[in-house]
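Working notes, structure below.
The values are calculated or read from the model by the stated rules, or taken from the named source; none is laboratory data. Quantities reported herein were computed from a predicted structural model and do not represent experimental measurements. With ideal geometry, Cβ positions are generated from the backbone for all residues, glycine too; neighbour counts draw on all protein chains shown.
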């Protein structure tokens, strides 16, 4: 239907109807405009890498100061301290500081970063406050450096995204272009932390950018590659190690029993995704029950108390845990140690995350997945337990994030063990399948949904992109003459008649389209002595039979109209039909039919042995009535 106060089918002032030869249809809609964003993506990649490496140094500085009382930026494990029970105070104090920063600085520092980045993309035009680029890494460094069982990647993703968003806000860009730069900054930070540029690109495309277009993929990939290039340059200078984060020995190409074991680990890690999600949000709900008695500013301190107690029981569960993950992949833990590590990490991570502190989820998921896979690996044949720890790490990441390709490539780039590729594919696929069947939302999208927004992770070709106007338009159109009285026209169209339902009437004079008459104009002049020529719209938009419906839908939305006359492109005055907003739904109906209508497309007839050419007796169709003879 037409927009409020606007004749249906009439042009908005200044809008010109499409003319001439249509632009050739192609696989992509990218234009040379994307080239102007390439230098900006490189700059964002460099800035994102700098922010990521600075965050790691800040975490190392806080850890060394609080646990070892020394001034150093080296990233060390907090669990190797010699403080004894006094170490319980450190995470409590860290939680208290994070709560103060969130209360008096910005509440947006709370959380693990990725859902917050999603929310900025979905609801705020990819705009991020500049102060968040300072407060988020500061609060995360304090939280993780004081023993918080979180990863640095979530804060890095949010902070790198803030850098990309700020860069985009300094220029005249669309919300879609700002979104691509935000995700580019996030991927750059992840690439610099883990040395995994391909996985970081996949992560941005699979999870954050909400589209698969050259505009987004090119910018995200360039920023990610720039960040990793700077990391390699820093490694050449001796500032970071050039090796993969978790180097492991080459185990050869896995097959046979190892693949069956990978399927078992995939099943277990897929179910663990449900456990992790329920634990994290169950703890968050418990803390929300304290809101009437205790301000949320104090919740991270309570979470810090639980973290401190868990650290006394299992020190390896504290901090980012990169060294612990590496030891799991090398098979240095027994079954009992792995089970204890998994249990303690799950408790302190879920409680800490539910308390609203600042930290990422990827590193904890990697540790818990490796612990589960390694524990199962002691009972599974074929390969050492450390290999199953790597498989479990991949399965857990795939199940929790619902990003299987990212999980596979991520594990390969972290270890450079290419022989396990097939096993990783099996585990990631099974875990992904189990996760999507047992969980409506992932741990990342659940937080966004709780704030009133829906995130879909399924992408498909828009049916409007694959359907032409000629396939859905109505060729049998009721037309009117310009000299006809409007009152006479109104009387000729009684309520319920097909003419009345049309709502937009092409005005044809001497075989040519001269204008359009909306039904609203008929109603307005039905008691006046006016002709169709007096009230018809002479400036109007049209559609062509060889246009795809997406272009027509965009035109309708831009003009606020619900119907367009369809004319021949070679002879714009010749009317061939009418396309309405209801016709656009036919394309969607076609897609629904393809997905919901089940039929047997191929029927095989069995031939009895020894009687060639004759099929066996046919049974009547189940829905066909069986004739009954008369009595």
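Brief remarks on what is shown
- Condition met for residue 487 (touching a residue at least 60 places away in the same chain (Cβ under 8 Å) and either closer than 30 Å to residue 569 by Cα or outside any loop (DSSP other than H, G, I, E, B) (or both)): no
- Residue 446 meets each of the listed conditions (1) in a helix (DSSP H, G or I); (2) modelled with pLDDT under 85; (3) in contact with a helix residue (DSSP H, G or I) (Cβ under 7 Å, 6 or more places away or on another chain); (4) not assigned by TED's automatic domain parsing to the domain that holds residue 284 apart from (4).
Per-residue answers, yes or no, for (1) closer than 28 Å to residue 590 by Cβ; (2) at pLDDT below 90:
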residue	(1), (2)
470	yes, no
475	yes, no
481	no, no
494	no, yes
518	no, no
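- When residue 107 is tested against (1) at pLDDT 85 or above; (2) closer than 23 Å to residue 298 by Cβ; (3) within 33 Å of the chain's Cα centre (by Cα), just one condition goes unmet, and that condition is (1).
- If the condition is being crowded, with 20+ Cβ neighbours inside 10 Å and farther than 22 Å from residue 585 by Cβ, then the range 538-552 contributes only 540.
- Tabulated pairs, the range 83-100, first without any contact (Cβ under 8 Å) to a residue 24 or more places away in the chain, second assigned to a helix (DSSP H, G or I) and crowded, with 16+ Cβ neighbours inside 10 Å, C-beta under 8 angstrom, 6+ apart or interchain: 83/67; 83/90
- Qualifying residue in the range 190-200 (condition: in a loop (DSSP other than H, G, I, E, B), at pLDDT 85 or above and surrounded by fewer than 24 Cβ atoms within 10 Å (Cβ to Cβ)): yes
- Residue within the range 203-220 that is within 16 Å of residue 52 (Cβ to Cβ), in a helix (DSSP H, G or I), touching a helix residue (DSSP H, G or I) at 6+ places or on another chain (Cβ under 8 Å) and without any contact (Cβ under 8 Å) to a residue 24 or more places away in the chain present: yes
- Residue in the range 36-54 that is surrounded by fewer than 17 Cβ atoms within 10 Å (Cβ to Cβ), touching a residue at least 40 places away in the same chain (Cβ under 8 Å) and not in a helix (DSSP H, G or I) present: no
- Criterion: at pLDDT below 90, under 24 Å from residue 556 (Cα atoms), in the same structural domain as residue 571 (by TED's automatic domain parsing) and surrounded by fewer than 18 Cβ atoms within 10 Å (Cβ to Cβ) - qualifying residue of 526, 501: 501
- All conditions in (1) at pLDDT 90 or above; (2) in the same structural domain as residue 567 (by TED's automatic domain parsing) hold for residue 420, with the sole exception of (2).
- Residues that are at pLDDT 85 or above and more than 24 Å from residue 45 (Cβ to Cβ) within the range 228-252 comprise 247, 248, 249, 250, listed in sequence order.
- Boolean, residue 278 is in a loop (DSSP other than H, G, I, E, B), out of contact with any strand residue (DSSP E or B) (no Cβ under 6 Å at 6 or more places or on another chain), under 24 Å from residue 406 (Cβ atoms) and free of Cβ contacts under 8 Å to residues at least 40 places away in the same chain: no
- Any hit, the range 254-271, residues being over 30 Å from residue 436 (Cβ atoms) and touching a helix residue (DSSP H, G or I) at 6+ places or on another chain (Cβ under 8 Å): no
- Hits in the range 240-258 - residues which are in a helix (DSSP H, G or I) and surrounded by fewer than 17 Cβ atoms within 10 Å (Cβ to Cβ): 257
- From 433, 464, 424, 412, residue being surrounded by 15 or more Cβ atoms within 10 Å (Cβ to Cβ) and under 18 Å from the mean Cα position of the chain (by Cα): 433
- Test: residue in the range 341-352 that is under 22 Å from residue 384 (Cα atoms), at pLDDT 90 or above and touching a helix residue (DSSP H, G or I) at 6+ places or on another chain (Cβ under 6 Å): yes
- Some residue of the range 66-82 being free of Cβ contacts under 8 Å to residues at least 60 places away in the same chain, part of a helix (DSSP H, G or I) and closer than 15 Å to residue 307 by Cα: no
- Restricted to helices (runs of 4 or more DSSP H) entirely inside the range 495-542, those with at least 1 residues that are touching a helix residue (DSSP H, G or I) at 6+ places or on another chain (Cβ under 6 Å) and free of Cβ contacts under 8 Å to residues at least 40 places away in the same chain are 519-525.
- A Cβ distance below 6 Å, combined with a sequence gap of six or more or placement on separate chains, defines the contacts here; from the range 243-263, residues that are closer than 14 Å to residue 374 by Cβ reach residues that are at pLDDT below 90 and in a loop (DSSP other than H, G, I, E, B) in the pairs 261/382.
- All of 458, 465 fail the test of being touching a strand residue (DSSP E or B) at 6+ places or on another chain (Cβ under 7 Å) and modelled with pLDDT under 90, apart from 465.
- Some residue of the range 24-39 being at pLDDT 90 or above and not assigned by TED's automatic domain parsing to the domain that holds residue 353: yes
- Among residues of the range 565-607, those that are touching a strand residue (DSSP E or B) at 6+ places or on another chain (Cβ under 8 Å) and modelled with pLDDT under 85, counted: 4
- Some residue of the range 389-401 being part of a loop (DSSP other than H, G, I, E, B) and either assigned by TED's automatic domain parsing to the domain that holds residue 287 or over 30 Å from residue 110 (Cβ atoms) (or both): no
- Counted as qualifying within the range 293-380 are the helices (runs of 4 or more DSSP H) with 1 or more residues that are under 29 Å from the mean Cα position of the chain (by Cα) and surrounded by fewer than 24 Cβ atoms within 10 Å (Cβ to Cβ), namely 322-329, 335-354.
- Yes/no for residue 474 being assigned by TED's automatic domain parsing to the domain that holds residue 568 and touching a residue at least 40 places away in the same chain (Cβ under 8 Å): yes
- Scope the range 142-182; condition part of a helix (DSSP H, G or I), over 19 Å from residue 211 (Cβ atoms) and touching a strand residue (DSSP E or B) at 6+ places or on another chain (Cβ under 9 Å); matching residues: 142, 143, 144, 153, 154, 155, 156, 158
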